[in-house]
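Engineer: Take a look at this one; I'll ask things after.
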Amino acid sequence: MNILNKYISISLLVSLCISPMLLSAQAKRKANKDTQAWRYEIEGVSQGSQGTYLIKVWSYSKKPKVAIEQSKKNAVHGIIFRGYEGNKKGVQNQRPLTRNSNLEQEKEAFFKDFFATGGKYMKFVSLTNDGAVAAGDRIKVGKEYKIGLIVSVRKDALRKDLEQAGIIKGLNSGF
């Protein structure tokens, strides 16, 4: 094998190894870009176990896999900042953990790290159906997908963590 063939072989091997890494980094950037817009809807599904909320999160993205991954971030974000409406099956409305509508901007550095890929938010959330999307929960809307997933959020642990970090006030701190 001459030097030119060896060079071509090595170049091809290196590009095959690096391409998947670049694609995954690009996918992560796309997912983070989608998350920054915080485009999602949440609704109560049923009563979760003690200290948890069981909710359905509808996330939007051009790629279903991105929407599935972002559902976890969206669920935690929704519990902190939006709350959700109950349903006719006895699930009550839930207020957000904070009533400060400017909190996300005031504590921007904290939330940027908190919601980073693989960030601390992951401690408080899990997909109840292991990321499997039911047939009726995958809807094509224009050029995007609207993906619905059922998510469990450990709201008591989340509240405690945010209180200890000084992000939100404790329930017993008064008005």
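The values are calculated or read from the model by the stated rules, or taken from the named source; none is laboratory data. Computed from a prediction, not measured in an experiment: that's the story for all the values here. Glycine also receives a Cβ, built like all others from the backbone with ideal geometry; neighbour counts cover every protein chain displayed.
Engineer: For the range 1-22, state whether one or more residues are in a loop (DSSP other than H, G, I, E, B) and at pLDDT below 65.
Structural biologist: Yes, that holds for at least one residue.
Engineer: Oh, and also: Inspect all residues belonging to the range 76-99 and state whether any of them is in a helix (DSSP H, G or I) and out of contact with any Pro (no Cβ under 9 Å at 6 or more places or on another chain).
Structural biologist: Step one: filter the range 76-99 for residues in a helix (DSSP H, G or I), giving 76-81.
Those still in the list that are out of contact with any Pro (no Cβ under 9 Å at 6 or more places or on another chain) too: 76-77.
The answer is yes; a qualifying residue exists.
Engineer: Further question: Return the total of residues in the range 135-155 being touching a Leu at 6+ places or on another chain (Cβ under 9 Å) and not in a strand (DSSP E or B).
Structural biologist: 2
Engineer: What's the number of the condition Q94 fails, among (1) free of Cβ contacts under 8 Å to residues at least 12 places away in the same chain; (2) under 20 Å from G170 (Cβ atoms)?
Structural biologist: (1)
Yes or no, residue by residue, for (1) modelled with pLDDT of 90 or more; (2) more than 23 Å from Q105 (Cα to Cα); (3) not aliphatic (A, V, I, L, M):
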site: M122; (1), (2), (3): yes, no, no
site: L127; (1), (2), (3): no, yes, no
site: D130; (1), (2), (3): no, yes, yes
site: A134; (1), (2), (3): no, yes, no
site: G148; (1), (2), (3): yes, yes, yes
site: L162; (1), (2), (3): yes, no, no
site: F175; (1), (2), (3): no, no, yes
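Engineer: Take the residues in the range 105-159 that are of a type in the set (F, W, Y) and closer than 24 Å to K169 by Cβ; name whichever of them is surrounded by the fewest Cβ atoms within 10 Å (Cβ to Cβ).
Structural biologist: This residue is F110.
Engineer: Identify the residue in the range 28-56 that is at pLDDT 85 or above and either within 9 Å of the chain's Cα centre (by Cα) or charged (D, E, K, R) (or both) and, among all such residues, is farthest from A157 (Cα to Cα).
Structural biologist: Per the stated criteria, the residue is R39.
Engineer: Moving to a separate point now. Could you tell me which of the residues V66, V57, V91, V76 is touching a helix residue (DSSP H, G or I) at 6+ places or on another chain (Cβ under 6 Å), surrounded by 15 or more Cβ atoms within 10 Å (Cβ to Cβ) and more than 18 Å from F124 (Cβ to Cβ)? Quick ask: steps written out before the conclusion?
Structural biologist: Details: V57 fails: more than 18 Å from F124 (Cβ to Cβ); V91 fails: touching a helix residue (DSSP H, G or I) at 6+ places or on another chain (Cβ under 6 Å); V76 fails: more than 18 Å from F124 (Cβ to Cβ).
Of the residues listed, the single one that is touching a helix residue (DSSP H, G or I) at 6+ places or on another chain (Cβ under 6 Å), surrounded by 15 or more Cβ atoms within 10 Å (Cβ to Cβ) and more than 18 Å from F124 (Cβ to Cβ) is V66.
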